[in-house]
Each structure stands twice: as structure tokens, then as C-alpha cells.
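Novice: The structure follows.
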Amino acid sequence: MLGRLYCISDYMKDSTILKYVKNIASSSEEREVENWIMSSKENMKEFNRLKAMHIASSFEATTNTTNVDKAYTKYDKSISRHLNRRKRVFSVVLKCAAVITILLGVKLIYTKVLNTPDIERLNIEGAITLELDNGDIKIISEDGTIEVVDVKGNIIGKQQGTKLRYQSTSVSEKLVYNTLTVPYGKRFNIVLSDGTEVMLNSGTSIKYPEQFIKGKNRNVFLMGEAFFKVAKDKNHPFIVQSGDLDIRVLGTQFNVSSYPEDVITNTVLVEGEVSVYDNKIAYEPTEAVLLAPGQMVSWDKESRGIEVEEADISLYTAWTKGKIIFRHMPFKNILKKLERHYNVTITNTNTSLANELFTASFDIETIEEVFMSFDKNHNIDYTINDNQIIIN
């Protein structure tokens, strides 16, 4: 997996990026490039930001070719006022990213974004978005309706309130991926073409095929937290890849929490069976960790260690009902969950609180009421200014 913002030269020596853009890359090469984008929220935001900035400043919809040097010069001027004396090395990284942006801009042009007003384009980061295989971006409103069509113009998915439902169509010969991204402060549901239901928590992205292919595993890629109800299909294992961890099932219900900033990935099994294993090693049923209902497996991203223990399912699935529950949880971890749930930024200057353990439960309370509760019970000094919270 790619763990940093790679310069294009890291790939161009074997033409991986170019092959990816031309849609002729192998499955492993596609996975390598796409895993970098999906490996962290920062990578995804940086990729989207740079691409959007370039398109807004230099892309002409009527142009079919792009001069890289000329486009970069224009691109560099358009962002220079925002960089404020950044180091030269970061400028090199931006140039590499700009080249990727230019190459992908021709093929993966954000047509929907270009057709929206500037103010809506600026607010795309705070919206639920659906990125199609060709790079088009659809903004999803919880009370709106959108349709997803395939390359032939057939409707393959429709939004129904807070749920996007795909339908199974004719047999596909090639995997075509969509990526659904849910920002902080929101949740959304999706039904995949095989009938698998996925509930996405705040700050989560999932990449999945529009249609699964007969004879191949049902692979999806997750960053964040989701609850899965997997449709049974003994001939086509369903595999959730989250970083270096794979969760393999045939048909079951389970919750996965794997935010990029968290050291631990937790998988809690509600029903059925799941196998958990390091995807850097070839899958062997006898080597994978098998979970029983009511158990949780914790994967340490740094040590690559796995631990299994009994778990209170209601504690880890409370978010699916709009609740947030903390049970003997360090204050620093609580703050991160509150940031995701309420879409706020919290700065804690009282470092003595960081590792103190708290137990609490909230559902319909506002963020102001949450902090009033903390202050009442634990005498915490804080200030709230819009979506900025400072703990003194």
C-alpha cells in the first residue's frame, strides 16, 4: 500500500499511472494506485483538492489535449497565493500531483462539478459525494434523488432518501468501480447490486463495483466505519479490504471501524462467520482468524498483531441508531468521535484530561448539550465558537 504522496516519477518508471489512466493497468496495478487514494482521508482530500483546483483554473472542456508544462505553469500561478512561502520540496510534490491531475483531468473530468455553480463546487467537501468510474462527481442530498447509469446509459442505481440502491443487471465482463464518501456529521446507506446492505458512518468512504462479476470474489474497499449485512452467496466470497486487513465472509452481519487516524481496526461480528487476515499474505483458511457472533477482533496497524475478545455488540453498533456511547474510554478518543459525529473541530489544551476515562451516552443532544454535560459532571472548562471548540 502507498503510504505517502508519491511523485509521478515513482510510478512513471514502470508506467503504472499512465497505464491506469489509459485503463490498461493490471488488477494489481489498479489496486496499488487506488489504495494510495483510499489509504487515508488526507490522501483522498489532497488528491481531490489538487484535481479540482487544476480543473477550475486551467481546464477547458473543449480541449482534447493538454500541454503539461504550460498547464502546470498556469496551475502553479493559480495556487501560489495560497501556499505562502511553502518549502521548495513541497512545491516539487505539488508539481508531481499537478501532472497526475492533468493526466487524469482529460479522462476523469469532473463534468458534474464543472456544471454546478462555483459556490456549490466550493462546498463539495462537506457533501455526500459519489465518484463514478469515469471521474464524474455527483453530490448527494439526503432529501434529493439521483440516478446512476452505466456506460450504455442504463439506469443501474437510484437514490431513495438516505439510501442509494443498485440493481443487478446483465452479466458484466469488467469491474467498474464507484466510490461513495460520507463527510463528518452525516451518515448514509447503500445497497450493492448483490443485495448487500451497507450503513456508512461519518467520515467514511467505500469503493465498490457497480456490478459484481460471476466467478470472482465480491471485493469492496473501506476507509472509516460501516455496518455490513452481506447477501449470502457461497460461490462468491465477500471481502472487505481496509488497509492491510481483509475480512472475508459468505453472508453475515458485522461492523468494521478502521479510520486512518486510529491505530486499531475493530471488527465486531453480529451474525454468521467472518475470517480476518493480513492481506499481504496469501489467504489460507487455516491461518485466518475465525470469529464467532459476539466476538471482536482488533488489528494493530503498526505491530500487525491480532487479538480476539468477547464484545458488547450494542456498544459498537450504537452509531447505526444515531447514538454515541463511551464506556471507560480515554477522553482523547471521545473527542475524535465527537468531531466525526457533530462535524466540529475540538482542540484540547488541557493535556491532563487526555487519558482520563469517561462513560457516557448521547443520542439527540446537540454538541453544546454534550459539553454542558461534561462540564456539569466533570467541571471541564471550554468555549464553543461555531464549529470550533477549545478545552482549556
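The values are calculated or read from the model by the stated rules, or taken from the named source; none is laboratory data. Quantities reported herein were computed from a predicted structural model and do not represent experimental measurements. Cβ sites come from the backbone with ideal geometry, for glycine too, and all protein chains shown count toward neighbours. The accessibility values were calculated without ligands, DNA or RNA, using every heavy atom of the protein model including side chains. Shrake-Rupley method; radii C 1.70, N 1.55, O 1.52, S 1.80 Å.
Novice: Taking Gly126 as the residue in question, decide whether it is among the small types (Gly, Ala, Ser), open to solvent by 40 Å² or more (accessible area, probe 1.4 Å), under 30 Å from Lys323 (Cβ atoms) and modelled with pLDDT under 90.
Specialist: Yes: the conditions hold for Gly126.
Novice: I need a count of the residues in the range 186-201 that are open to solvent by less than 40 Å² (accessible area, probe 1.4 Å) and in contact (Cβ under 8 Å) with a residue 40 or more places away in the chain.
Specialist: Residues flagged as open to solvent by less than 40 Å² (accessible area, probe 1.4 Å) and in contact (Cβ under 8 Å) with a residue 40 or more places away in the chain within the range 186-201 amount to 3.
Novice: In this structure, is Ala226 in contact with an Asp or Glu (Cβ under 7 Å, 6 or more places away or on another chain) and in contact (Cβ under 8 Å) with a residue 24 or more places away in the chain?
Specialist: When the stated conditions are applied, Ala226 does not pass them.
Novice: What's the number of the condition Glu309 fails, among (1) open to solvent by less than 60 Å² (accessible area, probe 1.4 Å); (2) at pLDDT 95 or above?
Specialist: Looking at each condition in turn, Glu309 falls short on (1).
Novice: Same structure, new question: How many of the residues in the range 185-228 are closer than 20 Å to Ile324 by Cα, of a type in the set (S, T, N, Q) and either modelled with pLDDT under 95 or out of contact with any Leu (no Cβ under 9 Å at 6 or more places or on another chain) (or both)?
Specialist: 2
Novice: Right, next: For the range 284-301, which residues satisfy the criterion of being over 13 Å from Val256 (Cβ atoms) and open to solvent by less than 70 Å² (accessible area, probe 1.4 Å)?
Specialist: Ala288, Val289, Ala292, Gly294, Gln295, Asp300, Lys301
Novice: Moving on to the next point. Just for the range 347-389: of the residues that are farther than 19 Å from Ile325 by Cβ and charged (D, E, K, R), which one is most open to solvent (accessible area, probe 1.4 Å)?
Specialist: The residue in question is Asp386.
Novice: Oh, and also: Are there any strands (runs of 3 or more DSSP E) wholly within the range 316-366 with 2 or more residues that are in contact with a strand residue (DSSP E or B) (Cβ under 6 Å, 6 or more places away or on another chain), touching a residue at least 24 places away in the same chain (Cβ under 8 Å) and over 28 Å from Phe254 (Cα atoms), and if so which?
Specialist: Those strands (runs of 3 or more DSSP E) span 345-348.
Novice: Please specify each residue of the range 231-242 satisfying the condition of being within 16 Å of Ser275 (Cβ to Cβ) and either open to solvent by 10 Å² or more (accessible area, probe 1.4 Å) or of a type outside the set (Val, Ile, Thr) (or both).
Specialist: Matches in the range 231-242: Lys232, Asp233, Lys234, His236, Pro237, Phe238, Gln241, Ser242.
Novice: Being polar (S, T, N, Q) and out of contact with any strand residue (DSSP E or B) (no Cβ under 7 Å at 6 or more places or on another chain) is the requirement here; does Gln167 meet it?
Specialist: no
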